[in-house]
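Some notes on the structure that comes next.
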Amino acid sequence: MMLCRPSFLRRTSLVHASRCLASASQETKFDSDMAKVYNQISSNHRHPYGPWKKMRDVVLAHAPPGASLTILDVASGPGEPAATIATALPSARVIATDVSEDMVAAATETHKNLSNLTAQVADAQDLSAFDDSSVDVVTCCYGYMFPVDKPKALKETYRVLKPGGLLVATTWDRTDILKISRDVMEAVLGAPPPTPPVNPMSLSEPGLFQKLVMDAGFTDVEQGTSTYPFDFGTEKGFQLKVGTILLKEKIDSFGEEGWRKAEEAFWVNIGKYTETAVDGSMVMPTNTFRLTVARKP
């Protein structure tokens, strides 16, 4: 089964492996302009080679026709890919969960017209609200990079899945928005910034997430990669906001001088990671995630 494009596919048997950008920004307080920026970034994940449709397609491929599945979406942020899957599987019960009450409220409001989707607060490391062997599928888009105790989060996922249940997860292999963020912060700070304690790239090391998944007890592990673009829009001020959304509060703390340095560094460096058309539209083409599919025996 081809999981993604362009991709490699690797299958192993068990002998014994944010948010995203949106999720990484979930505690930021947005005005209307920043909400548009947030929505722009989120909408990129709907690209045909992006994670939401890829994850939906895997779930559909494993769903028996007409089955009334229970699907748990962990670290769902504002309700994705839960809503995409709920729309495609109206007979399924889909539960979107996130550690942030604000995100759960956003998911509830945004997707209130989906009768088969509910949202509730839950930490990936503590799914005690869900019984053992009670869920058919667990999905997690750009979420497992962030728990302090990643093995515990995966063991909780394993616990709530029914025997034969499916895990469908994505983790970042590469996203150049983090590279431009580092360039900008180095200019603001006057020195290379430290690795953030909440690191979206914490599972990018080859084989690491596979090992964590297998150590949690999963079998039939399949992995593939997919690369998709980020659209920064056409207006320069908007492009700057998209490229610095992860840094906004930090740069704000340095005042006008901080933003002067940030803007200068952004325009000096952004060309290394993006392509700009004659109409001014800017695209960051190289954002690669790893899709992992595994089964509870």
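The values are calculated or read from the model by the stated rules, or taken from the named source; none is laboratory data. Not measured: the values here are computed from a predicted model. Counting neighbours? That spans all protein chains shown, and the Cβs are built from the backbone with ideal geometry, glycine included. Ligands, DNA and RNA are stripped out before the accessible areas are found, and what is left, the full protein with its side chains, is counted by its heavy atoms. Shrake-Rupley method; radii C 1.70, N 1.55, O 1.52, S 1.80 Å.
Condition first: under 14 Å from Ile180 (Cα atoms) and surrounded by fewer than 14 Cβ atoms within 10 Å (Cβ to Cβ). Now tell me which residues in region 242-266 satisfy that. Glu264, the sole residue that qualifies. The residues on offer are Ile71, Ile41, and the sole one that is within 19 Å of Ala107 (Cβ to Cβ), modelled with pLDDT under 95 and either buried (at least 18 other Cβ atoms within 10 Å of the Cβ) or not β-branched (Val, Ile, Thr) (or both) is Ile41. Is region 122-143 home to any residue that is touching an Asp or Glu at 6+ places or on another chain (Cβ under 8 Å), among the charged types (D, E, K, R) and over 21 Å from Phe289 (Cβ atoms)? Yes: one or more hits. Anything in region 121-178 that is within 20 Å of Ala92 (Cβ to Cβ), in contact with a Ser or Thr (Cβ under 6 Å, 6 or more places away or on another chain) and of a type in the set (D, E, K, R)? List them, or say none. Residues satisfying the conditions are Asp136, Lys162.
Filtered by the rule that a residue be over 19 Å from Ser42 (Cβ atoms) and surrounded by 15 or more Cβ atoms within 10 Å (Cβ to Cβ), region 85-119 gives Leu89, Ala92, Arg93, Ile95, Asn116, Thr118.
In region 179-202, the qualifying residues are those that are closer than 21 Å to Pro229 by Cα and in contact with a Leu (Cβ under 8 Å, 6 or more places away or on another chain), and the one that is most open to solvent (accessible area, probe 1.4 Å) is Met201.
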